[in-house]
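For reference, the structure is listed below as structure tokens.
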Amino acid sequence: MFLLTLVCRNAFRHRLRTLLTVSGLAIAVLAYGLLQTVVDAWYAGAAAASSTRLVTRSSISLTFFLPVSYENRIRSVEGVKHVARSNWFGGIYQEPKNFFPQFAVSDNYLNLYPEFILPEDQRIAYVRDRKGCLVGRQLADQFGFKVGDVLPLRGAVYPGRWEFVIRGIFDGSDSTKFTKQMLFHWDYLNETLRRTTPRRADGVGIFVVGIDNPDNAAAASVNIDQVFRNSLAETLTETEQAFQLGFVAMSDQIIAAIQIVSYVVILIIMAVMANTMAMSARERTAEYATLKTLGFGPAFIALLIFAESMFICALGGGVGMLLTSPAAAGFKQAAGGIFPIFAVSRETITMQLACAAAVGIAAAVVPAIRAARVRIVDGLRAIT
Amino acid sequence: MSAPRVETRVEPRVEPRAEPRAEPLVEIHNLAKSYVRGEQIVPVLSDITLDIQEGDFTALMGPSGSGKTTLLNLVAGIDKPDCGTLRVGGLDITTLTESQLADWRASNVGFIFQFYNLMPVLTAYENVELPLMLTGLGRSERRERVEMTLSVVGLADRMKHYPNELSGGQQQRVAIARAVITDPRLIVADEPTGDLDRSSAADILAMMQRLNTELGKTIIMVTHDGQSARAAKAIIHLEKGEIIGNVEPASA
Ligand SMILES: Nc1ncnc2c1ncn2[C@@H]1O[C@H](COP(=O)(O)OP(=O)(O)OP(=O)(O)O)[C@@H](O)[C@H]1O
Ligand SMILES: [Mg+2]
């Protein structure tokens, strides 16, 4: 009790110094939490992908199209059940910051995505309307879209002004499913291209391939690519998960950098905190010597310093941890649709706690040992 | 008893006690102390022999650097001699370990410093209570003692004040209260009036005299100032780490 009083009052002796240190700690712990969550979110996108779906794309690059005629040849490969077309549309809704993914897809596309749930009447209405489109629930909620609304897009990959009529809104089967996206008829895109830019028609960005058994994924991938070996447009087929990770892999170094930065932030605050504690302990050399003179032992002095360091770290770390979830929510909003799943994990929170504790302990070690060891006569002379 | 010891024995200025002297409270015999500074060994005290009786109020005088503080620290058990005997209350404190010494100090010695050495984050009340935290006393007992002691030093109305809200003289009175709260036999004071104006200094000296006469505390006080030394019953002169001259009555 008495120890706590002494610790709390000591901690707030230099209000400004403590306030700055606590703010620094809070920011560091918050930054650590957000950066770790970014890393998690990155991998979560891939983890949500199904391994009964393969993705076939041009072996050269994602920006090269495959001929639509490949569809039937893929379908004839053993183990393949469905083949759907998907083209990245990349249109702008009102302004660029309203980014969300749009795909021109064949009508069997949703058969491959049972996690997207669409009422039957809406599905029928969509199929009937050449210029119809579907939007996910998250997207509809964000912009207030309703069935029947007209959704105008400015084409970036496919120039021009495009207008779609929302015929249905699909829900994710659970909250982790990413439904901030829009789907429309691949045929509509292709017919338009045939009229306007025929040389761009009949190209498919990716084929999404449904297979009967995830165990056959590797074999099916090899077999598909075998079909197109030595043709003009060779293919690269991989699981959807690997495909998503391919996106991630492009950014592997970035992810590694983020991970390193998150720990560097903690190391920096550790140095700052150690400096604060060293300064405080040094200023109080004579006080610690006085306490020893009165009969308090070196262990008590060390405990005082440790407790103060832990107290400050608990404050800073606590504030940082409290801010992490709201900040993550804000970050998710601001990042648009880049991170479908952006939630602060329990491991991240545990690690934040561990980091704050590590900072508290590391910062106190040297000052505590030094203060515990200093001889009384030398300590007392520190003021005179 | 050896010859030098007799020579430097400090006699009280007031009339001697009726009964014959018991064993002295502090017995120092051939005590030496040096500090190591880099390669160099700096002798600070050499061959000090001295007895201080229970109930004495002794002033320790001498030029700066003569070793007054060092001697006081040795007697109070916050420093260790190189050689010689040092018995306080019959106990050879040079044989104690650090933690035994700490316990011994807590119950046997009260400290008064030139710059008060109060904890700035603790109130007057809490500063005085500090030494009692090392005893088994309960909260209400502590409260009773602290309030009583603070009222003895005339600060009953300042209990909730922090040191920086008190004058130097008041802070030193808090320090005196802290020094006597555990009822130690010996009180050591290193230039207790060195940072005070004349009238505050006089107050503090008067208070120390009362501790000596009314409560029977044995006091050793280092001072530069002849005026202050006069408050004591006897004066010892130190020069270059040695006791010089004979016992000198403080009233001289
Ligand atoms: N901890 C220490 N380490 C090294 N040297 C010391 C130490 N303490 C004291 N000394 C040296 O010992 C000598 C005596 O010091 P001491 O403090 O006992 O003198 P003093 O008589 O109290 O002087 P003052 O009147 O200035 O307080 C000085 O030369 C001092 O430099
Ligand atoms: Mg001195």
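The values are calculated or read from the model by the stated rules, or taken from the named source; none is laboratory data. Because the structure is a prediction, the values reported are computed rather than measured. As a convention, Cβ positions derive from the backbone with ideal geometry for all residues, glycine included, and neighbour counts pool all protein chains shown. To get the accessible areas, we keep the full protein, side chains included, count just its heavy atoms, and leave off ligands, DNA and RNA. Shrake-Rupley method; radii C 1.70, N 1.55, O 1.52, S 1.80 Å.
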Residue hits (the range B:53-91; more than 16 Å from ligand 1 (Cβ to nearest atom), under 18 Å from B:Thr218 (Cα atoms) and assigned to a strand (DSSP E or B)) are B:Phe57, B:Arg87, B:Val88, B:Leu91
Which of the helices (runs of 4 or more DSSP H) found entirely inside the range A:1-106 contain at least 3 residues meeting this: open to solvent by 50 Å² or more (accessible area, probe 1.4 Å)? A:15-47, A:70-75
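Looking at A:Val359, is it more than 20 Å from A:Leu20 (Cα to Cα) and hydrophobic (A, V, I, L, M, F, W, C)?
On the way: more than 20 Å from A:Leu20 (Cα to Cα): no; hydrophobic (A, V, I, L, M, F, W, C): yes.
No: the conditions fail for A:Val359.
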Could you say whether any residue in the range B:142-154 is farther than 19 Å from B:Thr193 by Cα and more than 24 Å from the chain's Cα centre (by Cα)? yes
Restricting to the range B:41-78, give me the number of residues that are open to solvent by less than 20 Å² (accessible area, probe 1.4 Å) and within 15 Å of ligand 2 (Cβ to nearest atom). 14
Residue check, B:Met221 against (1) under 14 Å from the mean Cα position of the chain (by Cα); (2) away from ligand 1 (no atom under 16 Å from the Cβ), all met but one. Which one? (2)
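Only one residue in A:Thr285, A:Thr290, A:Thr348 is hydroxyl-bearing (Ser, Thr, Tyr) and either without any contact (Cβ under 8 Å) to a residue 12 or more places away in the chain or in contact with a strand residue (DSSP E or B) (Cβ under 9 Å, 6 or more places away or on another chain) (or both). Which one?
On the way: A:Thr285 fails: either without any contact (Cβ under 8 Å) to a residue 12 or more places away in the chain or in contact with a strand residue (DSSP E or B) (Cβ under 9 Å, 6 or more places away or on another chain) (or both); A:Thr348 fails: either without any contact (Cβ under 8 Å) to a residue 12 or more places away in the chain or in contact with a strand residue (DSSP E or B) (Cβ under 9 Å, 6 or more places away or on another chain) (or both).
The conditions single out A:Thr290.
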Take the residues in the range B:104-146 that are surrounded by 15 or more Cβ atoms within 10 Å (Cβ to Cβ) and without any contact (Cβ under 8 Å) to a residue 24 or more places away in the chain; name whichever of them is farthest from the other protein chains (Cβ to nearest Cβ). B:Leu137
Within the set of pairs 6 or more residues apart or between chains, which connect a residue that is hydroxyl-bearing (Ser, Thr, Tyr) inside the range B:227-239 to a residue that is in a strand (DSSP E or B) and modelled with pLDDT of 90 or more with Cβ atoms less than 9 Å apart? B:Ser228/B:Ala59; B:Ser228/B:Met221
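Residue-wise test of (1) more than 25 Å from A:Gly24 (Cβ to Cβ); (2) more than 12 Å from every other protein chain (Cβ to nearest Cβ); (3) within 36 Å of the chain's Cα centre (by Cα).
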{"position": "A:Ala278", "(1), (2), (3)": "no, yes, no"}
{"position": "A:Arg284", "(1), (2), (3)": "no, no, no"}
{"position": "A:Lys292", "(1), (2), (3)": "yes, no, no"}
{"position": "A:Pro298", "(1), (2), (3)": "yes, no, no"}
{"position": "A:Ile305", "(1), (2), (3)": "no, yes, no"}
{"position": "A:Ile312", "(1), (2), (3)": "no, yes, yes"}
{"position": "A:Leu315", "(1), (2), (3)": "no, yes, yes"}
Somewhere in the range B:148-159, is a residue over 15 Å from A:Leu294 (Cβ atoms) and within 14 Å of chain A (Cβ to nearest Cβ)? no
Checklist (1) under 26 Å from B:Ile78 (Cα atoms); (2) within 14 Å of chain A (Cβ to nearest Cβ); (3) open to solvent by less than 40 Å² (accessible area, probe 1.4 Å) applied to B:Gly194, failing item: (3)
